[in-house]
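The values are calculated or read from the model by the stated rules, or taken from the named source; none is laboratory data. As the structure is a computational prediction, the values presented were derived from the model and not from experiment. Counting neighbours? That spans all protein chains shown, and the Cβs are built from the backbone with ideal geometry, glycine included.
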Amino acid sequence: MELELLCPCFLLYYHLHTKQKTIFWTRQNEDVKLSQIGVVADAFWKEIPSHHKDVELDEFIVMPNHVHGIIGIAGLEPEFKLLSRNKKRLISPLKGSLGVIIRSYKGAVSLWCKQNNLQFAWQPNYYDSIIKSPKGMAAVRK
């Protein structure tokens, strides 16, 4: 099944889970704030466009054990940026694809944690869906 994409840009909503329960937040009395890893996850997210051309960031939020974000990826041939699920396993991720962007992001956060002797692990995968309309975008942004 081929996916129909919006041109010249398509948007994806996804979230990445960690194996820990509340790794990105800390609680101090009644206050909840980002943990050290949460601050890094937030900062590294904001750096994605400086590492991947044709990428625009939209909404993003750090939750206790996962992140939600919307990424726009533009380019001359956006149909190659996302492959239908049955083709994903047949080839390696393409440069500029969502898979490469997410792998880079997850790798950067994981490396920072390792270099700072913090235990951290992402789940091996991520979840995405294409936002196909302004109504869909409004729903996801809520």
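Could you tell me which numbered condition SER104 fails, if it satisfies all but one of (1) touching an Asp or Glu at 6+ places or on another chain (Cβ under 9 Å); (2) modelled with pLDDT of 80 or more; (3) surrounded by fewer than 17 Cβ atoms within 10 Å (Cβ to Cβ)?
(1)
Which members of segment 41-66 meet the condition of being surrounded by 15 or more Cβ atoms within 10 Å (Cβ to Cβ) and touching a residue at least 60 places away in the same chain (Cβ under 8 Å)?
Within segment 41-66, ALA41, PHE44, TRP45, ASP58 qualify.
Of the residues that sit in segment 70-101 and are part of a helix (DSSP H, G or I) and under 14 Å from VAL55 (Cβ atoms), which one is modelled with the highest pLDDT? Spell out how you get there, then give the answer.
Narrowing segment 70-101 to residues part of a helix (DSSP H, G or I): 78-80, 85-88, 98-101.
Right, trim to under 14 Å from VAL55 (Cβ atoms) and you get 78, 98-101.
Details: PRO78: 45, LEU98: 84, GLY99: 84, VAL100: 87, ILE101: 90.
This residue is ILE101.
Can you find even one residue in segment 30-40 that is surrounded by 15 or more Cβ atoms within 10 Å (Cβ to Cβ), over 13 Å from the mean Cα position of the chain (by Cα) and over 19 Å from LEU111 (Cα atoms)?
Looking for residues that are surrounded by 15 or more Cβ atoms within 10 Å (Cβ to Cβ), over 13 Å from the mean Cα position of the chain (by Cα) and over 19 Å from LEU111 (Cα atoms), one finds none in segment 30-40, hence no.
Which one of PHE44, PHE60 is in contact with a strand residue (DSSP E or B) (Cβ under 7 Å, 6 or more places away or on another chain) and not β-branched (Val, Ile, Thr)? Step through it out loud before you land on a result.
On the way: PHE44 fails: in contact with a strand residue (DSSP E or B) (Cβ under 7 Å, 6 or more places away or on another chain).
Of PHE44, PHE60, the one residue that is in contact with a strand residue (DSSP E or B) (Cβ under 7 Å, 6 or more places away or on another chain) and not β-branched (Val, Ile, Thr) is PHE60.
Show the residue pairs that are 6+ apart or on different chains and have beta-carbon atoms under 8 Å apart, the first residue being within segment 17-30 and touching a residue at least 24 places away in the same chain (Cβ under 8 Å), the second being assigned to a strand (DSSP E or B) and of a type in the set (Val, Ile, Thr).
PHE24/THR18; PHE24/VAL62; PHE24/VAL67; TRP25/VAL32; TRP25/VAL62
Starting from residues that are without any contact (Cβ under 8 Å) to a residue 12 or more places away in the chain and either small (Gly, Ala, Ser) or not in a helix (DSSP H, G or I) (or both), keep the ones in segment 120-142 and report whichever is nearest to LEU98 (Cα to Cα).
Residues of segment 120-142 that are without any contact (Cβ under 8 Å) to a residue 12 or more places away in the chain, as a first pass: 124-125, 133-136, 138-139, 142.
Add one more test, that the residue is either small (Gly, Ala, Ser) or not in a helix (DSSP H, G or I) (or both), and what stays is 124-125, 133, 136, 138-139, 142.
Details: PRO124: 15, ASN125: 12, SER133: 19, GLY136: 19, ALA138: 21, ALA139: 21, LYS142: 22 Å.
Here the residue is ASN125.
Listed here are the residues, each with its yes/no results for (1) β-branched (Val, Ile, Thr); (2) more than 16 Å from the chain's Cα centre (by Cα).
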residue: LEU98; (1), (2): no, no
residue: ARG103; (1), (2): no, no
residue: TRP112; (1), (2): no, yes
residue: ASN117; (1), (2): no, yes
residue: TYR127; (1), (2): no, no
residue: ILE130; (1), (2): yes, no
residue: SER133; (1), (2): no, yes
residue: ALA138; (1), (2): no, yes
